[in-house]
Amino acid sequence: SSVLRSVKTLAKPAGARGYSSESVPDRKVAVLGAAGGIGQPLALLMKLNPLVSRLALYDIANTPGVAADVGHINTRSEVAGYMGNDQLGQALEDSDVVIIPAGVPRKPGMTRDDLFNINAGIVKDLCSAIAKYCPNAIVNMISNPVNSTVPIAAEVFKKAGTYNEKKLFGVTTLDVVRAKTFYAGKANVNVAEVNVPVVGGHAGITILPLFSQATPKANLADEDIKALTKRTQDGGTEVVEAKAGKGSATLSMAYAGAIFADACLKGLNGVPDVVECSFVQSTVTELPFFASKLVLLSLLCGSYAGAIFADACLKGLNGVPDVVECSFVQSTVTELPFFASKVRLGKNGVEEVLGLGPLSDFEQEGLEKLKPELKASIEKGVKFANA
Ligand code: NAD
Ligand code: LMR
């Protein structure tokens, strides 16, 4: 993995990491919730990443100790700790990437949605500060329930007038990490070579691993695929139960978070073909085109038109205000405005949301099943943010 490669290349100059240019751009990464179970190992892994030049560690408590500790590691980035709301602005200023693992984790018997009441408010406040202090930053949302916290973040940014759908990501990398590990074990292939897309959301059945697209190919029985799917969907619960009240996944999550942040940094730096799965604003579900009312603006009106519609288009082009017609256009007015799938990352964040590809009957069934739950979680987040 790139993180492990980073560890191995620590002693080399930053420019030696596959970049054509000698100098690696300065990049500031902020971790919000940096003193937590995920935050601490994630701070460590980001300190090991040579793409980071400044690392801001923010939490409501204990960050001076974490920052002092991590700051002694002899790698590129400068480290600073920030504690409490008064220092949040300073922590965020000039950030290129903000990673959010702030909030409470699950205990046995809880669903991720049970965390909503506490974490929704935490995420809302942190995102308000992001809108104020680093509105152009890429946001990596780890706090659960991701299916709702990402829509909350989007609404907060929309209200602040800073929303850029290309820069908001729900981190679902841990689902991919798990799917790869479990698949490699069952298929008896080298785990380092395994790729498995995981789409949908990040909770229970909304996590949909596409083992039919897994590589290297292995002819696993349907029963094995079902079991692997279930284990991936229940991976978080497996850890919560094993930790028996002492929290949820932290170390594997820090690893997954570091992989995803590294991909975002590479994309920002112009490295080509950086593709990771993530929960983003999306139109990849079944209704990528949808007829709805639209306000015609300059080039938006390049659709089929009869005489009336063409006239409306011409009016729009000519700058006539409030020209509204129904038309069938590419749209986000589908039932699932957010969806995890493969995303190509680039200088502006999301470069392209990749389609789902061919699904097996079992996966197609899983996709239909997950929609109502994912839709409800998204709507819950939107409603909370607008309350
Ligand atoms: P933790 O309790 O160990 O750490 C959370 C940290 O957040 C604490 O240090 C706490 O002080 C801090 N915090 C609380 N309110 C804050 C605020 N307003 N501003 C800044 N920091 C604040 O929990 P954890 O195990 O690190 O998990 C954190 C979150 O990540 C949980 O919601 C958990 O469910 C989620 N999680 C997500 C994934 C995923 O795949 N996306 C995986 C694992 C855990
Ligand atoms: C995970 O998948 O491990 C996280 O979402 C934490 C959890 O509550 O399961």
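Where a number appears in this text, it was derived from the coordinates with a stated rule and is not lab data. Just so it is clear, the model here is predicted, and its values are computed rather than measured. Positions of Cβ are generated from backbone atoms using ideal geometry, with glycine treated the same way; all protein chains shown enter the neighbour counts.
When every alpha-carbon pair in segment 123-177 is counted, what percent end up more than 19 Å apart?
Within segment 123-177, distances greater than 19 Å cover 20 percent of Cα pairs.
Taking the mean number of other Cβ atoms within 10 Å as a proxy for protection, how do you rank 167-179, 45-57 from highest to lowest?
Ranked by mean Cβ neighbours within 10 Å, highest first: 167-179, 45-57.
Report the local net charge at His72: Lys and Arg +1, Asp and Glu -1, summed over other residues whose C-beta lies under 13 Å from its C-beta.
For residues surrounding His72, the net value is -1.
Between segment 162-212 and segment 215-273, what's the alpha-carbon centroid distance in Å?
5
Calculate the translational D of segment 64-172 in whole µm² s⁻¹ from Stokes-Einstein, where the hydrodynamic radius comes from the Kirkwood formula applied to all Cα pairs, the temperature is 25 °C and the viscosity 0.890 mPa s.
165
For Lys315, which aspartates and glutamates qualify as cross-link partners when the Cα separation must be under 17 Å and same-chain residues fewer than eight apart are set aside?
Glu325
Extension gain Asn318-Met110, at 0.36 nm per residue separation less the Cα-Cα distance, in nm?
69.2 nm
Add +1 for every Lys or Arg and -1 for every Asp or Glu among the other residues with Cβ under 13 Å from the Cβ of Glu365, and state the total.
Neighbour charge sum, excluding Glu365 itself: -1.
If contacts are Cα pairs under 8 angstrom and at least 6 residues apart, what is the relative contact order of segment 25-126 in percent?
Here the relative contact order equals 30 percent.
So how many Lys-Lys pairs in segment 20-173 land under 15 Å Cα to Cα, not counting same-chain pairs under 8 apart?
So the count works out to 8.
Where Lys and Arg each count +1 and Asp and Glu each count -1, what net charge lies around Gln87 among other residues with Cβ under 13 Å from its Cβ?
Charge balance in the 13 Å sphere: -3.
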